[in-house]
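Chemist: Dropping a structure here in structure tokens format, bear with me for questions.
Taken together, the values in this text are just the output of simple stated rules run on the coordinates, not laboratory data. This structure is a prediction, so every number in the text was calculated from the model and none was measured. Using ideal geometry, Cβ is built from the backbone for each residue, glycine included, and neighbour counts are taken over all protein chains shown.
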Amino acid sequence: MSRGLRLGPRRYPITIDRALPIPMRDGTVLLADHYAPAGVPADSDPPTVLMRCPYGRGPQFAVGGWPLAERGYHVLLQSTRGTFGSGGRFTPAVDEAADGQDTVAWLRDQPWFSGRLALVGASYLAYTAWALAIDPPPELTAMALYISPHDLADAGFGRGPFELYNLLSWSDLVANQERHSAVRMLWRTVTAERRLGAAMNSLPIVATGAHLDGGAPWYREWLAHPDREDPYWDGFCAAAALERVAVPTLLISGFHDFFVEQTVRQYQALRSRGVPTRLAIGPWAHLTFDLGIAMRETIAWLDAYAGGSAAAQPPRPQPVRVWTSGLERWRDLPDWPPPGATPRTWYLEGDGGLTASRPAHPAGGPGSGAAASAFRYDPADPTPSVGGRLMSVRNSGCQDNAAVEARRDVLTFSTAPLGEPVDVAGVPLAELYLSSDNPHCDVFVRLCDVDERGRSRNLTDQIVRCSPADVVPGVVRRISLALTDVSHVFRTGHQIRLQVAGGAHPRFARNLGTGADAVTGTMTAPVTHEIWHTGGHPSALILPVGAQPENAPGR
């Protein structure tokens, strides 16, 4: 395993104590495995790494702890409440803060605990770390968290539409993980799109959870609380930790990860408070995350900081490392977004063009004959989702968008082939002037790179659920959609393309278009959107553009 992850030789052999019982304050007992380095010097007092996991303690999840123990750390890998022998009932997020604190209290009584604690983990394991850090234990010295959420409600309903594919497939995973072998569960994950396809295409949306067979009761509860501001969601958020953590923190994500927006927010919150923080963002989606890179960075980070040294030097001097697609290489930066980027605007045109020249058409408006591009979205035949921030092994990340762009319910606006490279780093913004004949609607936008062969590949996107109160049929309104972060160089000869659609299903639950209950409704109604591109309504794409990159292909 160490060879496969390119971690170098181990430093120590290890011993493993399995299924240690750890009592919680309510009498529930959670089980944990203790990985201990053997033969460490008697005076070294190695720190302890805590990893709290709902997916079991088998080899596929011990992979994060085993290498750390071989490099001199005690590692406690604990099954969260209600999973893999731990008592109680698993409800995502709600017990993790208290159970984490009780686990630390148990650690304090162990003879091998040195009084120094680090938190490590990916995805839900990272959430358990943020939950514990709402009230940081005094023993906490460092954290290394990957593809990391801190707010599950924001992940599920942050832009309005329910994250149907990601949350249904994850609930399916958790509901069935103790019924099948690890190999079988891997196969189920790979085939999730096909297995869950019929369910995700069904109405009402509440029916999508029927096949979970009671194994994920939280799924129906989530659907029953679509308002992000509902007090129900208070127990699903660990955002307070971002204002309380003061220990050196390593954050790693992917530009196509489900949680990349939250990971960037974590970095910016800690950095603004002067907390030693490093951020790395690779080309990955959630399930294609590179564990080898994460473990190599983590070992270097913990070696520097887990011992509690405030004077330690960070393993790499620059705070940010990002993979820049187009250049196909890593770049080290002083911050994220990088300083010095200049907003550059491209305007949408009626012929599908995207140009730096502001439109000269009259102000106009609906019915005035001014330039607009129209498309009709029908939730009975929803626009399909392609790639992007999906929890999918095969169909996430950067994909060919040719099939979806050929549909009549998708508009595209493209530049002419570029005469020089365009280096984009930060958050793109789509500013659209549009009118809609149905107040119950969504708008989905996507930034793509079109190569010389005409292949259109997605880089970043965003969706928003329009407020019916803001949509007056026949009246033009302006919406701004901040896409997710991107680091990409559009090469010479390539085109910049903006997609506009009315949804992306089944990644996001479709807007029924009727105003009926989104969970129990079955009737649908279409909407026709008009995207305006006149002097008075200049729809535009705004990209944060840096200096032309050195050694850019095509220069």
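Chemist: Would you work out the relative contact order for the chain, in percent, from Cα pairs under 8 angstrom that are 6 or more residues apart?
Modeler: On the way: 1290 pairs, mean separation 79.2, N = 555.
It comes to 14 percent, rounded to a whole number.
Chemist: Next up: Mind giving me the nanometre distance, one decimal, between the label points for W187 and D517, set 7 Å out from Cα along Cα→Cβ?
Modeler: 3.9
Chemist: Please report the antiparallel percentage of the DSSP beta bridges confined to the chain, to the nearest 5. Spell out each step's value before the answer.
Modeler: Values: 75 of 107 bridges.
Approximately 70 percent, going by the DSSP bridge assignments.
Chemist: With a bin width of 5 angstrom, please list the P(r) values of segment 354-461 as percents of all Cα-Cα pairs, from the 0 bin to the one holding the largest distance.
Modeler: For segment 354-461, the binned pair fractions read 2, 8, 17, 20, 21, 16, 11, 4, 1, 0 percent.
Chemist: Using only the alpha-carbon atoms, what does segment 209-291 span along each of its principal axes? Please give whole angstrom values in decreasing order.
Modeler: 45, 31, 18
Chemist: Grab the other residues whose beta carbon is less than 11 angstrom from that of V427, score K and R as +1, D and E as -1, and report the net.
Modeler: Local charge sum for V427: -2.
Chemist: Let me ask you something else. Would you please give the FRET efficiency between S202 and I479, computed as 1/(1 + (r/R0)^6) with r the Cβ-Cβ distance and R0 = 45 Å, to the nearest 0.05?
Modeler: After rounding to 0.05, the efficiency reads 0.90.
Chemist: Right, here's the next one. Could you tell me which GluC sites (Glu not before Pro) in segment 108-183 are loop residues by DSSP with no more than 16 other beta carbons within 10 angstrom of their beta carbon?
Modeler: Here the GluC sites (Glu not before Pro) that fit, given the DSSP loop and packing criteria, are E178.
Chemist: Give a residue-ordered list of calculated ³J(HN,Hα) values for segment 82-96 (Karplus: 6.51 cos²θ - 1.76 cosθ + 1.60, θ = phi - 60°; whole Hz; x for Gly, Pro).
Modeler: Per residue, the Karplus-derived 3J(HN,Hα) values read x, 10, 6, x, 6, x, x, 10, 7, 10, x, 6, 5, 9, 5 Hz.
Chemist: Give me D335, D43, D234 sorted ascending by neighbouring Cβ count inside 10 Å, so fewest comes first.
Modeler: By the 10 Å Cβ count, ascending, the order reads D43, D234, D335.
Chemist: If you line up the long axis of helix 291-305 against the longest principal axis of the chain, both from Cα atoms, how many degrees apart are they, to the nearest 10?
Modeler: Helix 291-305 sits roughly 60 degrees off the main axis of the chain.
Chemist: Report relative contact order for segment 163-225 in percent, whole number only (criteria: Cα-Cα under 8 Å, sequence separation at least 6).
Modeler: Computed over segment 163-225, the figure is 43 percent.
Chemist: Using only the alpha carbons of segment 402-445, determine the length spanned along each of the three principal axes and report them from longest to shortest in whole angstroms.
Modeler: Cα extents, longest axis first: 41, 25, 15 Å.
Chemist: If you don't mind, there's one more thing I want to ask. Return, for the Cα atoms of segment 163-225, the radius of gyration and Dmax in Å, separated by a comma.
Modeler: Radius of gyration, then largest Cα-Cα span, for segment 163-225: 11.3, 35 Å.
Chemist: If I fit a long axis through the Cα atoms of helix 260-272 and take the longest principal axis of the Cα atoms of the chain, what angle between them do I get, 0 to 90°, rounded to 10?
Modeler: Once rounded, one gets 70 degrees.
Chemist: Now, a different point. Could you quote the convex hull projected area for segment 1-136, Cα atoms only and averaged over all directions, in nm²?
Modeler: 7.9
Chemist: Could you please tell me the mean projected area of the C-alpha convex hull for segment 84-152, averaged over all directions and given in square nanometres to one decimal?
Modeler: 5.1
Chemist: Using the Kirkwood formula over every pair of different C-alpha atoms, what hydrodynamic radius in Å results for segment 472-549?
Modeler: Its Kirkwood hydrodynamic radius stands at 16.5 Å.
Chemist: Output needed: percent of Cα pairs per 10 Å distance bin for the chain, bins running from 0 to the one holding the longest distance.
Modeler: That works out to 3, 17, 27, 25, 17, 8, 2, 0, 0, in percent per bin.
Chemist: For the residues S392, S272, what sequence is obtained by ranking on other C-beta atoms within 10 Å, fewest first?
Modeler: On the way: S392 22, S272 11.
Ranked by crowding around the Cβ, least crowded first: S272, S392.
Chemist: When only alpha-carbon atoms count, how far does segment 288-364 stretch along each of its three principal axes, as whole angstroms with the largest first?
Modeler: Sorted from largest, the Cα extents of segment 288-364 read 66, 29, 21 Å.
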